[in-house]
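What follows is calculated from the coordinates using simple rules that are stated; it is not laboratory data. Because the structure is predicted, anything quoted here is derived from the model rather than measured. Every residue, glycine as well, gets a Cβ built from its backbone with ideal geometry; the counts of neighbours run over all protein chains shown.
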Amino acid sequence: MKKLVARTYKFRIFPSRSVARKLEKTVGACRFLYNSELEYEEQLFFSEGRFVSRDELNLLVPDWKSLNSDLKEVHSQVLQNVSDRLVKSFEGFFRRIKSGEKAGFPRFKSKERYDSFTFPQSGFKLEKGRLRLSKIGMMGIKQHRKMEGKVKTLTIKKASTGKWFANFSVMKEIEVKQKKPDKCVGIDVGLESFYADSEGNKIDNPRWLRKSEGRLKLLQKQHSRKKKGSSNRRKSRLRIAKLHEKVVNQRNDFLHKQSRKLADSCSLIAVEKLSINKMVKNRYLAKSISDASWRRFLQLLSYEVEETGGRIVEVDARGTSQRCICGNRVEKSLAVRTHKCKECGRVLDRDVMSAILIKASALKELKNTAGTAGINACEDVPLGTSMKQEYTGNAQKT
Ligand SMILES: [Zn+2]
């Protein structure tokens with residue numbers, strides 16, 4: 001079965017000094033336009049209670065061009081994308097009001113917060129391993145992966161390290177493998193390890209990643225002691241940005257590998273549904289979750305299962321750390337790492353028990369919403385007894 005999916009490719013680009021100046025100018029002009037449009041929208045909203053549409057904004061662009069001549073040097077589609085971004089941020093604002101969330105009026109963008117521009121359809125071309133941008137020029141590009149699919153948009157972005165990147169978003173046709181839907185696994189975000197699964201495995205955060213994360217923390221601490229506005233502080237900010245970039249790359253690499261492995265070996269993956277509230281409330285947990293980049297992992301995993309034909313089921317995992325699969329309540333504080341049930345005698349790593357419970361509640365949920373294709377083999381497993389047989393073997397191991 002074939003399926004169309006969206007993907008992005010991020011490549012580093014190498015503009016010459018004069019081309020880099022043009023890139024900077026383009027970003028600056030776009031930011032000027034964005035803030036001008038926002039100011040205009042804001043005035044209208046407070047005086048007349050209405051918003052202008054994308055088309056109306058685009059009609060006003062010539063006026064702003066007369067105020068900032070750099071805008072005249074920018075590709076027209078890139079300018080239209082600026083209006084699109086603004087309209088999108090207002091749409092988000094209204095959506096949040098509607099759903100009763102904290103809304104937050106769209107904000108003016110500083111240099112740090114507006115660091116990219118987008119060609120929504122055309123105006124760019126890959127030629128003999130180089131990238132040509134309309135009205136800007138040619139530059140080197142390092143394509144470390146082969147790009148597959150039809151390119152839709154290109155966003156040029158400057159990282160805080162000063163490096164430039166090209167992000168291509170493509171629509172790609174993939175062949176969904178018809179995987180035999182036989183293996184289901186539950187996984188639990190670990191506090192010490194990256195995750196634990198319902199089979200008793202634990203995946204650790206790699207040592208090299210922990211090492212560079214530790215160094216990053218140290219640099220950040222030293223940075224806060226440097227005098228504001230001093231050149232030492234500026235230098236240390238750049239050092240931090242560089243190390244941060246390295247950590248992000250290393251982490252992505254790790255997450256890519258883990259998500260691929262998991263998607264390849266399982267057809268149904270049960271995970272904990274994370275609520276933002278819960279993360280904010282528990283600072284210790286929030287930290288570890290962000291460290292482990294759980295959300296990013298789930299995002300990558302969802303890409304992977306799209307291709308393997310598997311699926312992810314998110315379940316409410318509240319209370320899984322205080323229960324046993326036999327139904328008994330086993331209370332334990334965060335410091336207690338082993339689950340010991342007096343009722344059924346199971347002795348297991350606490351995260352593994354949580355993963356077992358997450359798997360069980362996913363299977364239960366799927367049973368209740370019958371008619372879901374591709375998980376029949378999982379459903380055949382009768383819950384109570386087979387779980388028992390499956391895990392008593394493991395029970396004494398840990
Ligand atoms: Zn038990």
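For Arg311, the residues whose amide H sits under 5 Å from its own are Leu268, Ile269, ignoring neighbours fewer than 5 places away on the same chain, with H placed 1.01 Å from N.
Once the C-beta distance of Arg233 and Phe165 is scaled by a Förster radius of 35 Å, the resulting FRET efficiency is 0.85 to the nearest 0.05. A DSSP coil position with no more than 14 other Cβ atoms inside 10 Å describes the following GluC sites (Glu not before Pro) in segment 152-227: Glu192. Dipole check for segment 183-227: with +1 at the C-beta of Lys and Arg, -1 at the C-beta of Asp and Glu, and the Cα centre as origin, the magnitude is about 740 Debye.
Ordering Thr161, Thr26 from the fewest to the most neighbouring beta carbons within 10 Å gives Thr161, Thr26.
Computed over segment 2-175, the alpha-carbon pair-distance distribution with 10 angstrom bins reads 9, 34, 32, 20, 5, 0, each value a whole percent. With the simple model of a label 7 Å out from the Cα in the direction of the Cβ, His144 to Leu67 spans 4.1 nm. With neighbours defined as other Cβ atoms within 10 Å of a residue's Cβ, the residues Glu365, Glu37, Glu343 order from fewest to most as Glu343, Glu365, Glu37. Among 248-255, 229-236, the peptide with the highest mean count of other Cβ atoms within 10 Å heads the list, and the full ranking is 248-255, 229-236.
Computed from label points 7 Å out along Cα-Cβ, the spacing between Ala241 and Asp264 is 3.7 nm. Step through the table entries Lys2/Lys142; Lys125/Lys163; Lys158/Lys246; Lys3/Lys98; Lys25/Lys235; Lys88/Lys150, compare each Cα-Cα distance with 26 Å, and write down the pairs that go over it. Violating the 26 Å limit, Cα to Cα: Lys2/Lys142; Lys3/Lys98. Of all the options Val315, Val352, Val52, the one that moves most in a Gaussian network model of the chain with Cα springs shorter than 10 angstrom is Val52. Counted over the chain, the DSSP beta bridges are approximately 85% antiparallel.
Once the convex hull of all Cα atoms in the chain is built, its volume per residue stands at 193 Å³.
Within a straight-line Cα-Cα reach of under 16 Å, Lys332 can be paired with the following lysines, leaving aside sequence neighbours fewer than 8 residues apart in one chain: Lys340, Lys342. Result for the chain in a Gaussian network model with C-alpha springs under 10 Å: among Ala362, Ala263, Ala241, the largest mean-square fluctuation is at Ala241.
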